[in-house]
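Nothing in this text is a laboratory measurement; each read-out follows from the coordinates by a stated rule. Worth saying up front: this structure is predicted, and the values here are computed from it rather than measured. Note that each Cβ is placed from the backbone with ideal geometry, even for glycine, and that neighbours are counted across all protein chains shown.
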Amino acid sequence: MDSLTQSPTAPRFVQNPYPFYERARAAGRFFHWADYDLVCTTSAAAVNAILRDRRFGREIPADRRAPVPDHLAAFHAVEDHSMLELEPPRHTRLRALALRAFTSRRIAGLAPEIAQLSHDLIDALPQDGPFDLLPAFAQKLPVIVIARLLGVPEDRACDLLAWSHAMVGMYQAGRTRAMEEAAAQAAADFAAFLRGHVEDRRHRPADDLITHLIAAEAEGGDRLTAEELIATCILLLNAGHEATVHSIGNGVRALLAQGRAADHLTPDRIEATVEEILRHDPPLHLFTRWAYEPVEVMGHRFAPGDRVGLLLAAANRDPANWQAPARFDPRRPVRPHLSFGAGLHFCIGAPLARLELQVALPVLFARLPGLTLAGRPRYADTYHFHGLAALQVTRG
C-alpha cells in the first residue's frame, strides 16, 4: 500500500483537495494517509461497501477508547448520547424514535415556508455594491428553518450558529486546545438552552419537533431520556444546517461559474441540479469507520480495532461511476452519490437539506437574475468539512 503525505491544512489543499484525491486514487483502492496515520479509500465501491457493512461502525471499540479529559467532559456529556456516534441496538432505538417525529411528511410540508423565508432574506440583502451571500442568506436560511421546526426561538439563530460552529470544530484538522475548550463550552451552553425549552414543552406542548420527540414512543413504551432528547435536538440542529450552509455556498459558486443558472433551476431540472451540486463539491469530505471484526474489503484486510477513512468527495468523483466526474454538469443523469453517507447511518437530515436547496436556489436566482461573483471565492480552512469562507457577489 502506498503512503502519501498531504497536510489537510495546507492552503493549496484547502482551496482544492481534488488533485490530491486523484493522486491517491492512482495509488489503488486503499492508501495510507501519513498525516492522519490512517488507511483511506477514494473508491466509490469501497466507500459504499464499508458504509453498509455491519462489521464496521462509528462507535469506538472499548479497547480503543481513551479517558475523557476533564476539559472535554461537557462536550462528551452531549456527544456520548448522539446517535451519530452509536451503533445498534442503541442507535436503532434512538433513530427510530427520532424518525417518528422527523417524518418525511413534516419535512415536505415546509416547502412554502422555505420559499417565503427565501424571499424575506433576499428582501433584506444590500441593494448596492458587493456583499457576502453566506451570512446574509446561506447561513440564515437553514438555521431559521431548523429552529422553527424544532420550536426554539429563531431570534437565537446567532447563538445556535456559534454553538454549532464551535462543536463541529472538534472534527476539524489541526484542532487546538482552545478549540476543544470552546466546543465544550458550546455544548454546555447548547444543552442548557435546550433543557429549558424541553421542560417548557413538557408542560406546554406545541406542534413542533421537540414536542413530538418528547411524545415519541418505541415499541414497549420506551421514550427518549432527557439526555438523549437534548443530544438528538443538538444533532438535528447541527446536521440540519451546517452541511446545508456549505451546500448552498458551494452550489451558488458552481452555478455562477457555470453560467445560465436559471436553465438548470426549472421545475423539471431542479432535482438533478441539486444532486449534481451535492455530488460535485459536497460539504463533508472525510468520514471514518472502525472495524469490529476481521474483514476483507476489495483485497485489503482489516483487523478488529482498525480505523478506515472514507473520502466521500473523492468517491463522488470516481470515474468508475461517472463520466468526466470533475466537471460540474447539472444535466448529468441522476444516480446515487455518497454525500449523505449510506447504510444505517445515512444522514437523517438529507430530505430537509435537499428540500431547502430545491426551493431556495430557484427563488434566489429568479429574484436576482443578474447575480455575479465579485472576486474569487475562497474556501475556509475547516477540513474535513469543505465550504466557503465567504461568497462575495453583486446583484449585477
Report task. Could you grab the pairs with beta carbons closer than 6 Å, sequence gap of 6+ or different chains, first residue in region 178-189 and assigned to a helix (DSSP H, G or I), second one among the small types (Gly, Ala, Ser) and surrounded by 17 or more Cβ atoms within 10 Å (Cβ to Cβ)? Result -> MET179/GLY169; ALA182/ALA166; ALA183/ALA166; ALA183/GLY169; ALA184/ALA74; ALA186/ALA166; ALA187/ALA74; ALA188/ALA74
Report summary line: Of (1) assigned to a helix (DSSP H, G or I); (2) crowded, with 20+ Cβ neighbours inside 10 Å; (3) not small (Gly, Ala, Ser), VAL152 satisfies every one except (1)
Query raised in the report: Can you name the number of the only condition in (1) touching a strand residue (DSSP E or B) at 6+ places or on another chain (Cβ under 7 Å); (2) not in a helix (DSSP H, G or I) that ASP35 fails?
Result: (1)
Query raised in the report: Can you tell me which of PRO304, PRO325 is without any contact (Cβ under 8 Å) to a residue 24 or more places away in the chain and part of a loop (DSSP other than H, G, I, E, B)?
Result: PRO325
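Hey, among ALA303, ALA291, ALA326, ALA342, which residue is farther than 27 Å from GLN15 by Cβ and surrounded by fewer than 16 Cβ atoms within 10 Å (Cβ to Cβ)? Walk me through how you get there before you give the answer.
Values: ALA291 fails: surrounded by fewer than 16 Cβ atoms within 10 Å (Cβ to Cβ); ALA326 fails: farther than 27 Å from GLN15 by Cβ; ALA342 fails: surrounded by fewer than 16 Cβ atoms within 10 Å (Cβ to Cβ).
Going through ALA303, ALA291, ALA326, ALA342 in turn, the sole match is ALA303.
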